[in-house]
Amino acid sequence: MALFPKPAEGSWTQHYPDVGTGPVSYQDCISPEFYEAEREAVFKQAWLNVGRVEDVADKGRYFTKEIEVANTSLIIVRDLEGQVRAFHNICRHRGNKLVWNDIPSAETSGSCRAFTCKYHAWRYSLDGSLTFVQQEGEFFDLEKADYGLVPVHCDVWAGFIFVNLAKEPPTTLTEFLGSMITDLAGYPFEEMPERYDFSADIDCNWKVFLDAFQEYYHVPSLHTQEATPDARPQMMKGFEAPHYQLDGPHRMVSTSSVPRRLWPANFQYPIEMETRSGLFGPWNEPDLGGELSGTNPGRIKAWAADNFQIFPNLEILIWASGWYLVYRYWPTSHNTHRFEGTLFFPPAKTASDRAAQECAVVMFKEFALQDAGTLVGTQQGLDALGDSSDFPLNDQELLVRHFHKSVADWVANYQGSGVNA
Ligand code: FES
Ligand SMILES: [Fe+2]
């Protein structure tokens, strides 16, 4: 991993001249036409993370994923050979949705040896082959081999399951991710199967919420409660992240914090003191064995967290204290999206480990709600401003600037050439 020290002169933003320094338009968050363009150019071209291998830990385990932005539902399954596969969740007889439980639009998961359509009972093996047709003799020249489930490109990196909805993805998954992300492959994600999942339907464009997690400029003012009253004056002087890095359409920012031995002085809720845990996770870090591969690429001192933003809609937030978070932002229209947040921890070994994890989860929810609380008003404001929605972004908002440019570039590129890489 090459080191990327803070530029000796100028700003982080000027270090990446392609992103520019002018005001940034948020037309891309209010325009139904741009949303239609994004659907084709971004969400049907980029590799999309839909889950983790722990979701399909055993042969026969499956889950479904609704991807409204691509107008489809997918089945992700580990077949009897152990391969993770993805298919459109559509029966080849007459298009019935194949896998669902009580509500056809709701996601579901489980374990099975075959998928059976609820409509006329056609049956498919876990590798997608059509294996049974009710009253097959009444069809005309039906070749079952021609009517398997429609596959979707699917690949796994570091336990993250990605799909690509293009007929022919222009790049492999590892080419798409690039070295800044693939350097993380040795990080012990698999040692953290203990998880807490949240999702929320939010009335704003997916990029508006994603932006809230791409800069820490807002932390001192929006998250004032993060500091004890004594520490607030210091906090209000402002925040600086010590490292930013861009790589293709992906980006990351690292943060540092006070030394961990001083942490208790920075927490203010009694429950944090009792459980020895807070927003930054449990204080007693698990032993993850050695260097945390690919993390802290800037080699900053007092490293606290890495926030990797993987194009288009995935964030992996790795905490120095031995746990990680995943966020996904799934557009459902030009001004709505579904947010998913999952916290991953190593298995709790004691009751106090569990209490510490659960306190971290509660604190996460509190802070996520502080971020989410601004969103509907922001979308309303963007809609009201319309064409005038150009905003000045500062050096700490480099990732915001780069994100909107990356989406715009993908749309322009696709409209010019019909493919994206
Ligand atoms: S639509 Fe599935 S069996 Fe008829
Ligand atoms: Fe925030």
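The values are calculated or read from the model by the stated rules, or taken from the named source; none is laboratory data. This one's a predicted model, so the numbers in the text were calculated from it and none came from an experiment. All Cβ positions, glycine included, derive from the backbone under ideal geometry; neighbour counts span all protein chains shown. When the accessible area is computed, the model is the full protein with side chains, heavy atoms only, and any ligands, DNA or RNA have been set aside. Shrake-Rupley method; radii C 1.70, N 1.55, O 1.52, S 1.80 Å.
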By how many degrees, between 0 and 90 and to the nearest 10, does the Cα long axis of helix 351-372 differ from the longest principal axis of the chain?
-> 90 degrees
Mind telling me which of Gly322, Gly137, Gly60 comes out most flexible in a GNM of the chain, alpha-carbon contacts under 10 Å?
-> Gly137
Taking Phe344, Phe140 and ranking on accessible area (1.4 Å, protein atoms only), highest first, one gets Phe140, Phe344
Distance (nanometres) between label positions extended 7 Å along Cα→Cβ at Arg123 and Leu222 = 5.2 nm
Could you tell me the accessible area of Tyr327 in Å² (1.4 Å probe, neighbours in place), rounded to the nearest ten?
-> 10 Å²
Reachable aspartates and glutamates, given that their alpha-carbon falls under 20 Å from the alpha-carbon of Lys118 and they are not under 8 places away in the same chain | Glu66, Asp102, Glu107, Asp127, Glu136, Glu138
Pop a pseudo-label 7 angstrom from the Cα along the beta-carbon direction at both Thr172 and Ala57 and give the gap in nm to one decimal.
-> 3.0 nm
The stretch 386-421 to the stretch 344-376: how many Å between their Cα centroids?
-> 32 Å
Length-normalised contact order for the chain - Cα pairs under 8 Å, 6+ apart - percent | 22 percent
Just subtract the alpha-carbon distance of Phe198 and Glu285 from 0.36 nm times their residue separation and send over the number in nm, one decimal.
-> 29.0 nm
Under a 1.4 angstrom probe, counting protein chains only, how are Ser109, Ser125, Ser406 ranked by accessible area, largest first?
-> Ser109, Ser125, Ser406
Cβ charges +1 (Lys, Arg) and -1 (Asp, Glu), total dipole of the chain, debye | 600 debye
The stretch 125-206: GluC sites (Glu not before Pro) in DSSP coil with no more than 16 other Cβ atoms inside 10 Å = Glu143
At R0 = 30 Å the Cβ-Cβ FRET efficiency linking Ala145 and Glu107, nearest 0.05, sits at 0.50
With all protein chains present and a 1.4 Å probe, the order of Ser254, Ser129, Ser388 from largest accessible area down is Ser388, Ser129, Ser254
Projecting the Cα atoms of Leu222, Tyr62, Tyr16 onto the charge dipole of the chain, where Lys and Arg contribute +1 and Asp and Glu -1 at Cβ, the residue farthest towards the positive end is Tyr62
Work out the FRET efficiency for Asp387 and Ser179 from their Cβ-Cβ distance, taking R0 = 35 Å, and round it to the nearest 0.05.
-> 0.35
How are the Cα pair distances of the chain distributed, in percent, across 10 Å bins from 0?
-> 4, 20, 30, 26, 14, 5, 1, 0
For Lys167, counting only lysines whose alpha-carbon sits under 22 Å away and dropping same-chain residues fewer than eight positions off, the answer is Lys44, Lys65, Lys97
Placing each pseudo-label 7 Å from Cα in the direction of the beta carbon, Lys301 and Leu369 end up separated by a distance in nanometres of 3.9 nm
Select from Asp230, Asp28, Asp211 the residue whose mean-square fluctuation is largest in a Gaussian network model of the chain (Cα-Cα springs shorter than 10 Å).
-> Asp230
Within the stretch 55-85, list the GluC sites (Glu not before Pro) lying in a DSSP loop whose Cβ has at most 13 other Cβ atoms in a 10 Å radius.
-> Glu81
Table column - 3J(HN,Hα) (Hz), the stretch 308-320, Karplus curve with 6.51, -1.76, 1.60, x for Gly and Pro | 9, 9, 9, 4, x, 9, 10, 10, 10, 10, 9, 9, 4
Residue among Leu369, Ser25, Ser417 farthest towards the positive dipole end of the chain, charges placed on Cβ | Leu369
Sort the stretch 1-151 into rounded, prolate or oblate with this rule: let a ≥ b ≥ c be the square roots of the eigenvalues of the Cα gyration tensor; rounded if a/c is under 1.5, and if a/c is not under 1.5, prolate when a/b is larger than b/c, oblate otherwise.
-> prolate
Kindly point out, ordered by number, any Cys in the chain whose beta-carbon has no other cysteine beta-carbon under 4.7 Å away.
-> Cys29, Cys112, Cys154, Cys204, Cys359
Accessible area expressed per residue, the chain, with surrounding protein chains retained (probe 1.4 Å, Å²) = 45 Å²
